[in-house]
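Written below as structure tokens is the structure these notes are about.
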Amino acid sequence: MRTQIAAANWKMNCTLQQAEDLLNKLSAVTDFNTSNKIAVIAVPAPYLLLAKQKLAHQANMFVAAQNCYIKNYGAYTGEISAEMLQSMGISYVLIGHSERREYFNENNAMLAEKINIALEYEVTPIFCCGESLAIREADNQNEFVAQQLKDALFHLSAAKIVKVVIAYEPIWAIGTGKTASSAQAQEMHQHIRKTLEIQYGSAVADVVSVLYGGSVKGNNAVEIFSQPDVDGGLVGGASLIAEEFVTIMNALK
Ligand code: PEP
């Protein structure tokens, strides 16, 4: 069975004290130890090491960065390298979140480079893709998402792409309270898997975890995650409330 993942994206939220409080609550979770389920917590960069320490005893909880840069080191003020993440024991990184694409002009060509450097330093990329409302209304979402995958991921060998997690996040559902229906999510996830299969074959397509993101909450997670091609979720707002996120973790298949 594919790894089922509850990924939290705190975005640019939480003071140090709030982050500590949230991490303490996750650290106190006692019953999340099954072999195919993990939680991945993408915290703001200043809290990466704190999160590592707080969750060190949790075998199935991992810490993620929300971004990394395309270079190893050098005069790139404010950026974080995959090599730094590796040196801190950070094992996941979000790549290409729609907010990075929108506010920081990240395009698929740049994201392909970020994917390469993350993989080079053995930090698992969670690659975000998904269409805007205008694209959905024009019924072009399948072509659009397939193109994002081709441009940012399909230069990878089969051995490399199985190390990537994909998160489908329709932009119209992020932070809006408007969730894709479970049928819409399944339809797109199946399309993503088919697109992977055409490029790499079914053995590869069958093992890549594809997460759904967009207003996942404690009360809709079970239904969304129960879809056969949905392998968990990437969760923004609801991940800032520990009890809510734990409910979402427990909704994994
Ligand atoms: C996200 O930030 O990736 C996200 C899906 O946010 P929200 O759950 O708040 O819609």
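The values are calculated or read from the model by the stated rules, or taken from the named source; none is laboratory data. Just so it is clear, the model here is predicted, and its values are computed rather than measured. Positions of Cβ are generated from backbone atoms using ideal geometry, with glycine treated the same way; all protein chains shown enter the neighbour counts. Just so you know, the surface numbers come from the protein's heavy atoms only, side chains and all, with ligands and any DNA or RNA stripped out. Shrake-Rupley method; radii C 1.70, N 1.55, O 1.52, S 1.80 Å.
Some notes on this structure:
- Unique match (being open to solvent by 70 Å² or more (accessible area, probe 1.4 Å) and either more than 21 Å from A6 (Cβ to Cβ) or within 16 Å of the ligand (Cβ to nearest atom) (or both)) among N116, N105: N105
- So S209, is it surrounded by fewer than 18 Cβ atoms within 10 Å (Cβ to Cβ) and modelled with pLDDT of 95 or more: no
- Look at region 213-239: where a residue is free of Cβ contacts under 8 Å to residues at least 24 places away in the same chain and a partner is within 13 Å of the ligand (Cβ to nearest atom) and of a type in the set (D, E), sitting 6+ places away or on another chain with Cβ atoms under 8 Å, you get A238/E244.
- Among the candidates K194, K163, K150, the residue that is away from the ligand (no atom under 12 Å from the Cβ), of a type in the set (K, R), open to solvent by 40 Å² or more (accessible area, probe 1.4 Å) and farther than 22 Å from H97 by Cβ is uniquely K194.
- Any hit, region 66-73, residues being within 16 Å of the ligand (Cβ to nearest atom) and either modelled with pLDDT of 95 or more or crowded, with 18+ Cβ neighbours inside 10 Å (or both): yes
- Against the criterion of being without any contact (Cβ under 8 Å) to a residue 24 or more places away in the chain and not in a loop (DSSP other than H, G, I, E, B), E197 qualifies.
- Residues that are in contact with a Phe, Trp or Tyr (Cβ under 7 Å, 6 or more places away or on another chain), under 26 Å from S27 (Cα atoms) and part of a loop (DSSP other than H, G, I, E, B), drawn from region 50-79: N60
- Flag for A82 being surrounded by fewer than 12 Cβ atoms within 10 Å (Cβ to Cβ) and under 21 Å from Y121 (Cα atoms): no
- One residue alone among H155, H97, H57 is open to solvent by 70 Å² or more (accessible area, probe 1.4 Å), closer than 29 Å to F32 by Cα and touching a residue at least 24 places away in the same chain (Cβ under 8 Å), and that residue is H57.
- Close pairs (6 angstrom Cβ cut-off, 6 or more residues apart or separate chains): closer than 16 Å to Q148 by Cβ in region 174-191, surrounded by 13 or more Cβ atoms within 10 Å (Cβ to Cβ) anywhere: I174/G214; M188/Y168; H189/V210; H189/D229; H189/V230; H191/N142
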